[in-house]
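Enquirer: Structure in structure tokens, see below.
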Amino acid sequence: MSASPAVSVIVPVYNGERFLRQTLDSILAQTFHDYEIVAVDDGSSDGSRAILESYGDRVRVFTQKNLGAPSARNRAIGEARGQWIAFLDHDDTWEPDKLEFQMSAARPDDDLIHAEARVIDGSGAIIKYAFSHPDDPPETQTRLERVIRHNPIYVLTTIVRRDAIEKVGRLDPNDRFGTDEYLLWMRLLASGCKARYLDRIVASYRVHGQNASGHHTRMIYGELYALEALWAEFGRTFSPSVARAFHAKIHQLYYSYGWRLLDDGRNGEVGACFRAALRHKPLSWKSWPCAAASSVPGARWLMPSVRRLVGEGHIVSEQNGWYG
């Protein structure tokens, strides 16, 4: 692990003692050796800090008060010395040749390389053999339109040039909805960076009941936050096909979010969601009765009938590939 390594592995940690050793050991088992580990303890109240420090100089450890994963990742990027940045959360693991495989495949015009991951449970048993659906595999050259429609870039499988990250300004520290990396990928692509997919499993994403991505209502809100932030920054530069993909996805998310809020008893916010869905897709016949019935307090009793009429079914957040 040199003073100027090729890769800096970023590990944000918050109360991760249950799986942290497995995560760190999977990094230290890499067949590629020119890397450093930069871990940021984001205000943990468990034994995470002691575990990190037990690795001595094999892990560079920094601490901060609890500010969320985006802030912890940004702090680690700021401390990193590598030309490439790789990410691994405190409960996930890598295959032993993950870095060697991706670094040997890197081309001069690659800004981001991503690959495939499996899903495992708390004991390590496989739940899903691959994030990507075989009927809708990722593109070899990943395009912004595809990432908006259904994100195929999974943070634990990526390596990203540090210069590219600095070009767009790192992660959004205000995004505490689990979609900070999703916004980063879209900003990179919107700014002209190149992303490439390698069809091979290089990591395992662990599902254990406490993942941020397990709360689908929150994740849908996070997708809306990320997409609207992207539009505010880059919308005027979108091609017609990217703009169509954006409006279709925003419509889908607001439509589903409206139904989820209704089920959660947050009736005062439901009408605004269906009206927002209509603004992005005015010809959606399903959104019209939903917007009408939910916007008039005296008509909200009609919502069960509207639901039967439109055949509504919830979608779950798809930004990180996990359909939980």
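The values are calculated or read from the model by the stated rules, or taken from the named source; none is laboratory data. What you see is a predicted model; the values in this text were computed from it and never measured. Using ideal geometry, Cβ is built from the backbone for each residue, glycine included, and neighbour counts are taken over all protein chains shown. The accessibility values were calculated without ligands, DNA or RNA, using every heavy atom of the protein model including side chains. Shrake-Rupley method; radii C 1.70, N 1.55, O 1.52, S 1.80 Å.
Enquirer: I'd like to check something: does the range 102-114 contain any residue that is farther than 22 Å from Ile77 by Cβ, modelled with pLDDT of 95 or more and under 19 Å from the mean Cα position of the chain (by Cα)?
Expert: Scanning the range 102-114 turns up no residue that is farther than 22 Å from Ile77 by Cβ, modelled with pLDDT of 95 or more and under 19 Å from the mean Cα position of the chain (by Cα).
Enquirer: Filter the range 172-193 down to residues that are of a type in the set (Ser, Thr, Tyr) and under 9 Å from the mean Cα position of the chain (by Cα) and give me whichever is farthest from Ala86 (Cα to Cα).
Expert: Among those residues, the one meeting the criterion is Thr179.
Enquirer: Within the range 280-289, identify whether any single residue is of a type outside the set (Val, Ile, Thr), outside any loop (DSSP other than H, G, I, E, B), open to solvent by 20 Å² or more (accessible area, probe 1.4 Å) and within 30 Å of Gly169 (Cα to Cα), and answer yes or no.
Expert: Yes: the range 280-289 contains one or more residues that are of a type outside the set (Val, Ile, Thr), outside any loop (DSSP other than H, G, I, E, B), open to solvent by 20 Å² or more (accessible area, probe 1.4 Å) and within 30 Å of Gly169 (Cα to Cα).
Enquirer: Under 23 Å from Ala115 (Cα atoms) and either among the acidic types (Asp, Glu) or in a helix (DSSP H, G or I) (or both): does that describe Ile51?
Expert: no
Enquirer: Anything in the range 125-151 that is free of Cβ contacts under 8 Å to residues at least 40 places away in the same chain and among the acidic types (Asp, Glu)? List them, or say none.
Expert: Asp135, Asp136 - these are the residues of the range 125-151 that are free of Cβ contacts under 8 Å to residues at least 40 places away in the same chain and among the acidic types (Asp, Glu).
Enquirer: Taking the range 59-70 only, how many residues are within 13 Å of Val11 (Cα to Cα) and not in a strand (DSSP E or B)?
Expert: 4
Enquirer: Mind checking which residues of the range 250-308 are of a type in the set (Phe, Trp, Tyr) and under 26 Å from the mean Cα position of the chain (by Cα)?
Expert: Selection gives Tyr254, Tyr255, Tyr257, Trp259, Phe274.
Enquirer: So, Gly178, is that one under 29 Å from Ala6 (Cα atoms), out of contact with any Cys (no Cβ under 6 Å at 6 or more places or on another chain) and at pLDDT below 95 or not?
Expert: yes
Enquirer: Regarding Gly122, is this residue surrounded by fewer than 19 Cβ atoms within 10 Å (Cβ to Cβ), free of Cβ contacts under 8 Å to residues at least 40 places away in the same chain and either over 19 Å from Ser26 (Cβ atoms) or not hydroxyl-bearing (Ser, Thr, Tyr) (or both)?
Expert: Considered against the rule, which asks whether it is surrounded by fewer than 19 Cβ atoms within 10 Å (Cβ to Cβ), free of Cβ contacts under 8 Å to residues at least 40 places away in the same chain and either over 19 Å from Ser26 (Cβ atoms) or not hydroxyl-bearing (Ser, Thr, Tyr) (or both), Gly122 comes out as no.
Enquirer: Here's a follow-up. Kindly indicate which of Ala195, Ala203, Ala164 is small (Gly, Ala, Ser), modelled with pLDDT of 95 or more, open to solvent by less than 20 Å² (accessible area, probe 1.4 Å) and under 17 Å from Asp89 (Cα atoms).
Expert: Ala203
Enquirer: In addition: If only one of Leu24, Leu28, Leu67, Leu52 is open to solvent by 40 Å² or more (accessible area, probe 1.4 Å), free of Cβ contacts under 8 Å to residues at least 60 places away in the same chain and hydrophobic (A, V, I, L, M, F, W, C), which one is it?
Expert: Leu28
Enquirer: Return a yes/no flag: does the range 83-95 have any residue that is surrounded by fewer than 17 Cβ atoms within 10 Å (Cβ to Cβ) and part of a loop (DSSP other than H, G, I, E, B).
Expert: Looking through the range 83-95, at least one residue is surrounded by fewer than 17 Cβ atoms within 10 Å (Cβ to Cβ) and part of a loop (DSSP other than H, G, I, E, B).
Enquirer: Asp172 versus (1) free of Cβ contacts under 8 Å to residues at least 60 places away in the same chain; (2) open to solvent by 20 Å² or more (accessible area, probe 1.4 Å); (3) not β-branched (Val, Ile, Thr): which is the lone unmet condition?
Expert: Tallying (1) free of Cβ contacts under 8 Å to residues at least 60 places away in the same chain; (2) open to solvent by 20 Å² or more (accessible area, probe 1.4 Å); (3) not β-branched (Val, Ile, Thr), Asp172 fails exactly one: (1).
Enquirer: Is at least one residue of the range 57-72 over 23 Å from Lys194 (Cα atoms) and of a type in the set (Ser, Thr, Tyr)?
Expert: Yes; the residues of the range 57-72 include at least one that is over 23 Å from Lys194 (Cα atoms) and of a type in the set (Ser, Thr, Tyr).
Enquirer: Another one. Out of all the residues in the range 296-306, which are closer than 15 Å to Gly271 by Cβ and either in contact with a Pro (Cβ under 9 Å, 6 or more places away or on another chain) or in a helix (DSSP H, G or I) (or both)?
Expert: Hits for the range 296-306 are Pro297, Gly298, Ala299, Arg300, Trp301, Leu302, Met303, Val306.
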